[in-house]
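Scroll down for the structure; my scribbles are underneath it.
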Amino acid sequence: MTTVVKIGGARAVDPDGALADVAELVASGEQVVVVHGGSTAVDETLEALGEEPEYVETPSGVVGRFTDERTMEVFEMVLPGKLNTDLTAGLLNEGVDAVGLSGVDGKLLAGPRKSAVRVQEDGKKKIRRGDHSGTIKQVNADLLETLLAGGYTPVATVPMAGKDGDREARSASDSASGDDEEPRAKWLPVNADADRAAAAIAGALGADLVVLTDVSGVYADPDDASTRIDEVATPEDWSDLEDAAEGFMTKKVMAAEEALEGGAASVAVATANADAPVTSALDGDATTIL
Amino acid sequence: MTTVVKIGGARAVDPDGALADVAELVASGEQVVVVHGGSTAVDETLEALGEEPEYVETPSGVVGRFTDERTMEVFEMVLPGKLNTDLTAGLLNEGVDAVGLSGVDGKLLAGPRKSAVRVQEDGKKKIRRGDHSGTIKQVNADLLETLLAGGYTPVATVPMAGKDGDREARSASDSASGDDEEPRAKWLPVNADADRAAAAIAGALGADLVVLTDVSGVYADPDDASTRIDEVATPEDWSDLEDAAEGFMTKKVMAAEEALEGGAASVAVATANADAPVTSALDGDATTIL
Amino acid sequence: MTTCTECGADVALHDDAEAGEIVDCTTCGAELEVIDVSPPVLEKAPELEEDWGE
Amino acid sequence: MTTCTECGADVALHDDAEAGEIVDCTTCGAELEVIDVSPPVLEKAPELEEDWGE
Ligand SMILES: [Zn+2]
Ligand SMILES: [Zn+2]
């Protein structure tokens with residue numbers, strides 16, 4: 001069985017417990033794929049470069065990053081650049097033959113680019129163009145399986161490979177898609193959510209997905225540790241889960257749903273701050289969704 | 001036969017002719033590994049972050065980058081981050097299943113870290129500590145062969161994986177090697193020259209190495225296009241080559257020597273600014289070293 | 001004053017209308033994107049899946 | 001004034017000597033690294049391969 005471990009973005013640089021635990025799993029013969037994000041670090045680097053991170057609100061109230069061309073450059077620098085390289089080195093030090101990948105590598109994470117986004121701004125609905133984001137529709141499972149079969153442990157991150165059909169791109173200033181004389185669709189690195197990337201990978205591999213975060217699962221009452229939802233198996237459980245999930249946990253629950261619909265065996269949402277966070281999550285110390 | 005193509009760093013972002021030519025080779029069944037650098041882009045990003053790139057001179061007059069901890073971070077951001085991701089996307093657009101790698105991935109390029117360097121400063125010889133550089137001693141050819149056998153085209157760059165024995169590191173401020181309570185040697189990303197990385201890879205694969213640059217080869221008289229050294233096969237040819245190589249070409253010739261000593265089949269130094277720069281270099285429009 | 005691309009009815013833009021803004025046709029209810037303001041050009045606003053990145 | 005770690009001879013440091021600087025022992029010719037200046041501490045300077053990065 002394969003396990004996909006999503007580790008938190010902000011602390012992606014020093015997730016010692018998770019890395020040691022991944023090493024134990026790999027040493028015992030498990031196949032593991034590590035996935036990480038790092039949105040906070042992108043914002044920090046944007047600010048160090050004198051740029052302002054931009055977030056927009058959609059009409060239904062979801063807040064997300066607006067990824068212009070410069071932000072995409074910084075995104076590449078921070079995620080497949082600094083964070084992925086450091087995380088891969090961290091796994092080497094645990095004895096794991098880790099190989100870093102972004103969603104661009106071999107089109108690991110592929111789908112259409114969305115260059116336009118509907119936003120809510122000053123009480124107006126608007127179309128913002130020039131966004132570099134996309135929707136993952138396909139996972140190159142063959143690339144992961146090739147590496148796993150060779151004894152390597154993939155460490156994957158976003159961006160994804162976005163196919164720029166240019167249907168939505170109208171503005172002349174949106175030059176990121178390259179040569180104007182070349183009308184065919186082009187691939188370019190675009191933003192995607194790392195939880196959903198992990199979900200897509202777990203789905204494609206039929207894997208168990210462990211989403212490590214800073215809480216031990218989803219709680220009916222966040223202030224009462226005894227109210228963790230331990231297992232989600234029935235439609236009623238799902239409805240309880242969706243009622244209980246708040247804030248950033250909402251997105252994790254949606255990612256869990258995508259993973260299971262895509263073919264994942266199970267999804268466990270658990271804390272990264274445990275001794276052996278992956279194995280204990282797999283052993284049930286988590287909100288486990290089936 | 002495998003071909004290793006080293007493309008220039010500064011223009012790594014838009015090396016259209018070379019990428020299209022690599023795609024032709026791959027389509028015709030050749031196995032190709034692309035290697036790139038990007039030192040200029042590292043300096044640009046350092047400056048955008050308000051940092052000053054630092055170069056030091058060794059007692060024998062070689063000028064090289066001093067890579068402190070912050071510079072190494074930027075190095076990771078620019079090389080495996082921005083440049084490698086963009087180059088990989090560029091090859092996807094040529095129909096190549098490109099997979100980006102740094103020397104850290106699966107310890108593709110491994111060797112001892114050198115944290116200290118002898119420098120010549122204000123007429124004094126000094127030892128500078130805290131450098132993040134290393135010497136490539138081993139190439140993980142298995143990782144490249146695994147990807148090539150799977151139909152993927154590796155796109156490799158530096159940093160390398162440097163093993164930090166800490167023998168030379170004495171200063172307490174040199175904290176890059178991590179936990180002080182952990183005495184065992186650790187791997188960390190360190191700087192290495194991309195030409196020598198390409199040479200090491202070509203050696204390990206017994207490949208033909210094509211080093212693309214902005215001139216068509218090595219000239220006995222740089223001002224006379226008729227004086228290109230076309231083939232270097234004998235010790236006399238080598239001596240002529242070493243006499244003719246000047247400036248940055250000196251380092252390319254040293255890399256060529258390392259490639260051949262390591263097992264490369266041939267090395268061709270040629271211009272990137274030709275229609276099909278790789279195939280024409282392989283066909284002899286180059287300084288070819290055997 | 002310009003016309004709805006969907007039903008042909010007149011559509012009046014606010015004075016502070018800007019390119020990119022979505023206005024609703026009061027006659028047929030279609031969502032129209034303001035492509036330009038002077039002279040006003042409207043187009044059917046694209047349906048876009050809600051999504052988010054990292 | 002301090003002593004050469006290789007031959008024990010006296011070695012005098014310049015007034016502007018700084019940590020990291022390499023001084024030659026005038027007696028045995030050894031290359032000595034200045035580890036500290038006050039009080040002066042010397043150590044045999046490491047041999048380092050000449051190398052360069054990107
Ligand atoms: Zn209408
Ligand atoms: Zn002495």
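The values are calculated or read from the model by the stated rules, or taken from the named source; none is laboratory data. Just so you know, these numbers come straight off a predicted model, no measurement behind them. Cβ: placed from backbone, ideal geometry, glycine included. Neighbour counts: every protein chain shown. Note: accessible area is taken over every heavy atom of the protein model, side chains too, but ligands, DNA and RNA are not part of it. Shrake-Rupley method; radii C 1.70, N 1.55, O 1.52, S 1.80 Å.
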Cβ-Cβ cut-off under 11 Å around B:Ser216, Lys and Arg +1, Asp and Glu -1: the net charge is -2
For segment D:2-44, dividing by residue count, accessible area per residue (probe 1.4 Å) in Å² works out to 55 Å²
In a Gaussian network model of chain B with springs linking alpha carbons closer than 10 Å, the residue among B:Pro80, B:Pro235, B:Pro277 that fluctuates most is B:Pro235
In debye to the nearest 20, the charge dipole size for the protein assembly as shown, taken about the Cα centre with +1 at each Lys and Arg Cβ and -1 at each Asp and Glu Cβ, equals 1120 debye
With the label set 7 Å along Cα→Cβ, C:Glu43 is separated from its counterparts in the other copies, in nm and shortest first, by 6.8
One would report the Cα pair-distance distribution of the protein assembly as shown, bin width 20 Å, in %, as 17, 44, 29, 9, 1, 0
GNM of chain B, Cα pairs under 10 angstrom: of B:Ala220, B:Ala149, B:Ala259, the biggest fluctuation goes to B:Ala149
Comparing B:Met254, B:Met72, B:Met160 in a Gaussian network model of chain B (Cα, 10 Å), the one with the largest mean-square fluctuation is B:Met254
Heavy-atom accessible area per residue of chain A, all protein chains kept, 1.4 Å probe, expressed in Å², is 38 Å²
Here the FRET efficiency for C:Thr2 versus A:Glu242, based on Cβ atoms and R0 = 56 Å and rounded to 0.05, is 0.85
FRET efficiency for A:Tyr55 and B:Ser28 from the Cβ-Cβ distance with R0 = 56 Å, rounded to 0.05, comes out at 0.75
With label points set 7 Å from each Cα along the Cα-to-Cβ direction at D:Glu50 and A:Glu44, the distance between them in nm comes to 3.9 nm
Quick shape summary for segment A:25-133, equivalent ellipsoid via Cα gyration tensor, semi-axes whole Å in descending order, reads 33, 16, 12
Per the rotation taking chain B to chain A, min distance Cβ-to-axis on chain B (residue, whole Å) equals B:Gly81, 1
Buried accessible surface, C vs A, both sides, probe 1.4 Å, in Å² to 100, equals 2400 Å²
CD proxy, 222 nm, chain B: helix-only mean residue ellipticity via -39,500 (n - 2.57) per DSSP H run with n ≥ 4, per residue, nearest 500, stands at -9000 deg cm²/dmol
Expressed as a whole-number percentage, the relative contact order of segment A:2-289 with C-alpha contacts under 8 angstrom and at least six residues apart is 21 percent
To the nearest 20 debye, chain B has a Cα-centred charge dipole, built from +1 on Lys and Arg Cβ and -1 on Asp and Glu Cβ, of 1200 debye
Working note, chain A: Cα radius of gyration (Å, one decimal) and Dmax (Å, whole number) are 18.9, 62
Farthest towards the positive end of the dipole of the protein assembly as shown, among B:Leu241, B:Ala200, A:Gly17 and with Cβ unit charges of +1 on Lys and Arg and -1 on Asp and Glu, lies the Cα of B:Ala200
For segment D:2-44, the Debye formula with one identical point scatterer on each Cα and no solvent gives log10 I(q)/I(0) at q = 0.20, 0.27, 0.28 Å⁻¹ as -0.49, -0.91, -0.98
Whole-percent carbon and sulfur contribution to the accessible surface of the protein assembly as shown (1.4 Å, no ligands, DNA or RNA) stands at 45 percent
The answer for the net charge of residues other than D:Asp16 whose Cβ lies under 12 angstrom from its Cβ, with Lys and Arg +1 and Asp and Glu -1, is -3
Listed by chain and number, the residues whose amide H is under 5 Å from that of B:Thr135, excluding neighbours fewer than 5 places away on the same chain and using placed H, are B:Lys114
Distance in Å, no decimals, from the C-alpha centre of segment B:127-157 to the one of segment A:22-85 is 24 Å
One would report the antiparallel percent of DSSP beta bridges in chain B, rounded to the nearest 5, as 40 percent
Given Cβ charges of +1 for Lys and Arg and -1 for Asp and Glu, the option among A:Leu92, A:Val32, A:Ala110 whose Cα lies farthest towards the positive end of the dipole of chain A is A:Ala110
At the level of C-alpha centres, the distance separating segment A:232-290 and segment C:1-42, in angstrom, is 45 Å
Mean per-residue count of partner chain Cβ within 10 Å for B:118-131 equals 4
Magnitude of the Cβ-charge dipole (Lys and Arg +1, Asp and Glu -1) of chain D about the Cα centre, nearest 20 debye, reported as 400 debye
